[in-house]
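Inspection log for the structure reproduced underneath, given as C-alpha cells.
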Amino acid sequence: EPSPRHDGRVRPPAPHVGVGALRAAATALRGVPLSSAITLEPGGQLEFSSQPATSLAACVQAVSTDLAAARAQLRRRGIALVGHGLDPRPPQRLLEDRRYRAMEAYFDRTGPAGRAMMCSSASVQICLDAGTAEPGPFGLSRRWLLAHLLGAVLTAAFANSPGTEEPWSGWRSARQGVWAALDGYRNLAPADTGRNPREAWARYALDAPLLCVRTAEGPWTVPGDGMTFRQWIRRSTRTHPGRHRLRPPRLDDLVYHLTTLFPPVRPRGHLELRMIDAQPGPDGWVVPLAVTTALFDDAQASESAYRVVKPLADLAAAGPAPRNALWERAARDGLTDPELHAAARDCFDLARQALPRLGAGRQVRAAVEEFTARYVVPGRCPADDRLDAPGTTSGKPATTPDSAAPDNTTPGAHHRQQTPRQQTRPRQLGEPW
C-alpha cells in the first residue's frame, strides 16, 4: 500500500576510507539510539533511512536528531560526514558481499560506470506517497508523470557532482551521467511514463535482464545471455535440448529482482525519487526534501508545478529518463539551461508559498529561501561553487573530499506513521523545524 506521505534517504559519497575506517564507523554507531536505519554501501557510503513520518516537520526533526547523535560518535573517531554527489577518485569496493560481487560482474560488461555508481555516488533519495486511484494532483498517474518531468528540474537545481574527466567533464551532475551510462535498461524509466503506472512497471520489471540468480552457497550466478525475469519463468517450465533446466523462480526471487532495478523514479508502494545529488553542508538535505514534498503534497503547488513542467515533456519524448534530451541537459548544464532555469524558478516559488501551509518551521523556510536566492534565481547549482573555485581548470575541482569517511544524510525511508519527537534545536525559540 502507498505510504502515507513523504520521506527520504541519503547516500553519501565514498571517500576511500579503507576497511579499518569503515569498521571504526560501524563500531562508533553500534549502540547509538537512532530511529533511522543505517547501512554501509559498497564504497563506504553511509546511508541513513528514516522511519515513515506523518509530516515534513516530523521527518526533518527525526533525521536531524539522528544525524546529530551519529556525527558526535563519528567525530570521536576522527570521522566526518561530507556531501558530494560523486567522488572523483577511482571507485574502490570495500564491502565483500555476494550481491555486490554479482553487481560488479554484471555492470563490468558495459563499462566502468557500474563500479562508479556502486562505490563513488551519493544521493538524497526522497520517498513520497504514491497517490490515489482518483484523478487530480494526488492521483497516482499524475504523480508518476510529475515525478519524471520534475525530476529533471530537481537534477539541475541540486546538481553537486561536477565532472572532472571525460565523458562528463564540465557536467554539473556527473553522478547522473554515470547512472545514465549503466546497462541501458535497469537504470531507465519504463518506456511510456504516460501510461498506467502499474502496468508499465509490471512490464518493465518482467522484461528487465536478471542481474543475478541467488544460490544458497557459493557465488551467485550472473546470467550471461541477458535473460529477463519473464524468460526465467518460461524457461524453467520447459526442457531445452542441451540446456540445463533452471529451477522455477520463487516469489522472493521476484521481490529481490525488484531491488536490482534502479530507474530515477522507483515505485515501492511509495515513489522513491533517486535523482538528487548528495548536498553540501550538514543540513543540505533539508532543502531538496522540503521543496520536493511541497510540490507533491500541497494540492495547489502540485497542480501548478505540473502545469510548469508539462511543456518539458517534448524534450523527454525521444527516450526514457535519464537517457533523453531533457535529463541530459539537466545533468550537463544545470540551471544554465534557460528552460530548466525558468521551470526551477517557478517551482521553487510555488514550494516557498506551500511550505507554510504544510506546517514547515522557520528554519526550513529560511533554508529554502537562502538556496533559492543563492542558486535558483541566478541560475546556478551547488556544482557551480566547485567549478568556480580558485585553482579549478577545465571544469576540474581543485580539491577532492577531505573527510576520513562517507558523507551526507537525508531523511528517510517510507512514511507510514511516526510520532514526532517533541524536541527543538538550539536557538529555535521553541519552534519546530
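A simple rule links phi to the HN-Hα coupling: the Karplus curve 6.51 cos²θ - 1.76 cosθ + 1.60 with θ = phi - 60°, which for the range 79-85 gives 10, 10, 9, 10, x, 9, x Hz, with x for Gly and Pro. Once you order the gyration tensor axes a ≥ b ≥ c over the Cα atoms, which shape class does the range 136-277 get: rounded for a/c under 1.5, otherwise prolate or oblate by comparing a/b with b/c? Because a/c hits 1.5 or more and a/b fails to exceed b/c, the range 136-277 counts as oblate. The string of couplings for the range 309-319 from the Karplus curve (6.51, -1.76, 1.60, θ = phi - 60°) is 8, 4, x, 6, 4, 4, 6, 8, 6, 6, x Hz, one whole number per residue in order, with x for Gly and Pro. The gain in end-to-end length when the A216 to S169 segment is fully stretched comes to 12.6 nm, 0.36 nm per residue minus the alpha carbon separation. Taking the Cβ-Cβ separation of A26 and D207 as r and a Förster radius of 30 Å, what is the calculated FRET efficiency to the nearest 0.05? With R0 = 30 Å, the Cβ-Cβ based efficiency is 0.20. This model, with +1 at the C-beta of Lys and Arg and -1 at the C-beta of Asp and Glu, gives the range 170-306 a dipole about its Cα centre of some 920 debye. The trypsin sites (Lys or Arg not before Pro) of the range 154-206 that meet both conditions, a loop assignment by DSSP and at most 16 other Cβ atoms within 10 Å of the site Cβ, are R195. Accessible area per residue for the range 271-347 is 32 Å², calculated with a 1.4 Å probe on protein heavy atoms, without ligands, DNA or RNA. By definition, a body whose alpha carbon gyration tensor gives a ≥ b ≥ c is oblate when a/c is 1.5 or more and a/b is not larger than b/c, and the range 48-93 fits this oblate description.
Between amide H atoms placed 1.01 Å from N, distances below 5 Å from G281 occur with G83, all of them 5 or more places distant or on a separate chain. Stretching the chain fully between A342 and R230 yields a gain of 36.1 nm (0.36 nm per residue, less the alpha carbon separation).
Around the amide H of S123, modelled in the peptide plane, lie the amide H atoms of R11, A278, all under 5 Å away and 5 or more residues distant in sequence or on another chain. Multiplying the residue separation of D385 and L95 by 0.36 nm and removing their Cα-Cα distance gives an extension gain of 101.2 nm. For R234, the solvent-accessible surface with a 1.4 Å probe is about 130 Å², rounded to the nearest 10. Compute the Cα gyration tensor for the range 251-396, then decide on rounded, prolate or oblate, letting a ≥ b ≥ c be the square roots of its eigenvalues: rounded whenever a/c is under 1.5, prolate when a/b is larger than b/c in the other cases, and oblate in all that remain. It comes out rounded by the Cα gyration axes. Could you tell me what percent of the accessible area of the range 246-309 is made up of carbon and sulfur, with a 1.4 Å probe and every protein chain present? C and S fraction of accessible area: 65 percent.
For the range 76-137, the solvent-accessible area works out to 42 Å² per residue, with a probe of 1.4 Å and every protein chain left in place. With the simple model of a label 7 Å out from the Cα in the direction of the Cβ, Y256 to T132 spans 3.9 nm.
When both the range 283-329 and the range 205-229 are represented by their alpha-carbon centers, they are found 33 Å apart. Summary value for the range 165-296: 20 percent relative contact order, contacts being C-alpha pairs under 8 angstrom separated by 6+ residues.
The values are calculated or read from the model by the stated rules, or taken from the named source; none is laboratory data. Just so it is clear, the model here is predicted, and its values are computed rather than measured. Methodologically, a virtual Cβ is constructed for each residue, glycine included, from the backbone with ideal geometry; neighbour enumeration extends over all protein chains shown. Please note that ligands, DNA and RNA were not included when accessible areas were found on the heavy atoms of the full protein model with its side chains. Shrake-Rupley method; radii C 1.70, N 1.55, O 1.52, S 1.80 Å.
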